[in-house]
Amino acid sequence: MITLGIESTAHTFGVGIVRDGEIIANTKSMYSPEKGGIHPGEASEHHYANAVNTIKNALQNANLEKEEIDSIAFSQGPGIPQCLQIGGVAARSLSVSLGIPLVGVNHCVAHIEIGKKEANLDDPVTLYVAGGNSQVIGSAGGKYRVFGETLDIAIGNALDKVARKLGIPHPGGPEIEKLAEKGDKFIELPYVVKGMDFSYSGLVTKVQRELNKHEKEDLCYSFQEHAFAMLVEATERAMAHLGKDEVLLTGGVAANKRLNEMLEIMAEDRGAVARKSPMKYCMDNGAMIAYTGQKLLKSGEKTKFENSETRPDWRTEQVDIPWL
Ligand code: ATP
Ligand code: FE2
């Protein structure tokens, strides 16, 4: 089976092709705002302008004609409505013009599935940390359930907000990481974990207020220590609650070495393993959509044309996962 998958939830228009479970193409075109965060209208214009070429590039890389594709998967949600629309239209058009089945894939589920495959994990608790999502997810009762999540903004968004105040261009995570490595003074900041949920807005506000009182290296260091400890604490609780001994890290913030280290220490203490999804699959990509879509199709799932509208608020736990 050859499945072409389209990702377009946010800044990335990605196209992946999977043949019998193996990734044979993964191309993308990324919108980067000149300043500030994602502008939905500009991002969707970018996707519209680059959709056809990105699909063509994927086919070329896989050395395939479009007629050789036998199924289409697309990221149906959650995400920015205008961006999702472009991927949805491209996927429906291909499905109809080629006369092949269509399957809608949940973006968060796809991050988990590709991570499990590439990091060789069986049934992990997943810490998905990105610009728009911060969730602790585990399988239970045939679904992926969110056991912990941010009560306000995502960790990536929190990092980017702090960065903006420091005059660092978007996305700010990598530069904050560099500054943090040079910091050594631990500044006490708000630490908010409620059950398995966590919150970042108080922490961000406090850091913004302290800007003139401390070295920025120390602030970045202290911000990271607090913010990541919250994530690791929530993840550990979910592992204990579910009795799982694997943890998968994914999402753009997974690039951070200190977060990886903290997660590894926690896992080691519990006799568990912590692994990261390869960075190209931590970021938004089409391959994870093609891969998960193909798994769904092989399990007998497909999405009828009339049910293929995009779902900007589609929650992870609303999806039945046939193989769980
Ligand atoms: P989502 O997947 O939730 O839709 P997104 O696509 O915006 O969100 P990603 O592209 O996965 O998110 O990740 C981007 C985020 O990762 C940004 O907030 C960025 O600051 C952060 N990030 C990137 N590199 C690092 C790093 N080394 N340390 C910390 N954060 C990082
Ligand atoms: Fe993502």
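Rule-based calculations on the coordinates, nothing more; no lab input. Owing to the predicted nature of the structure, the values given are computational and were not obtained by experimental measurement. Because the Cβ atoms are built from the backbone with ideal geometry, glycine has one as well, and the counts that use them run over all protein chains shown.
The figures follow:
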| read-out | value |
| --- | --- |
| Label point at Leu211 placed 7 Å out along Cα→Cβ; residues across the stretch 145-185 whose backbone nitrogen lies under 13 Å | 161-169 |
| Length gained when the stretch His241-Glu261 is fully extended (0.36 nm per residue, less Cα-Cα span) | 5.0 nm |
| For Asp197, distant residues with modelled amide H under 5 Å away | Glu149 |
| Positive-end extreme of charge dipole, the chain - chosen from Leu263, Ile24, Pro124 (charges on Cβ) | Ile24 |
| Dipole axis of the stretch 123-278 (+1 Lys, Arg; -1 Asp, Glu on Cβ), positive-most option in Ala272, Ala163, Phe223 | Ala163 |
| His170/Gln60 FRET efficiency (R0 35 Å; Cβ-Cβ; nearest 0.05) | 0.65 |
| In degrees, nearest ten, helix 40-61 long axis to first principal axis of the chain (Cα) | 60 degrees |
| Rounded if a/c under 1.5, otherwise prolate or oblate - the stretch 123-278, Cα gyration tensor axes | prolate |
| Qualifying GluC sites (Glu not before Pro) in the stretch 156-231, DSSP loop, other Cβ atoms within 10 Å at most 11 | Glu188 |
| Inter-site label distance for Leu151 and Asn307 at 7 Å from Cα along Cβ, in nm | 3.6 nm |
| Loop trypsin sites (Lys or Arg not before Pro), the stretch 290-324 (other Cβ atoms within 10 Å of the site Cβ: 12 or fewer; DSSP) | Lys304 |
| Ranked Leu94, Leu4, Leu219, criterion: other C-beta atoms within 10 Å, fewest first | Leu94, Leu219, Leu4 |
| For Glu246, residues with placed amide H under 5 Å, excluding near neighbours | Val125, Val273 |
| Cα-centred dipole magnitude for the chain, charges only on beta-carbon of K, R (+1) and D, E (-1), debye, nearest 20 | 380 debye |
| Inverse of mean 1/r across different Cα pairs in the chain, Kirkwood, Å | 20.1 Å |
| Where GluC sites (Glu not before Pro) fall in DSSP loop in the stretch 33-131, at most 10 other Cβ within 10 Å | Glu34, Glu65 |
| Expected 222 nm ellipticity per residue - DSSP helices of 4 or more, -39500 (n - 2.57), all of the chain, to 500 | -14000 deg cm²/dmol |
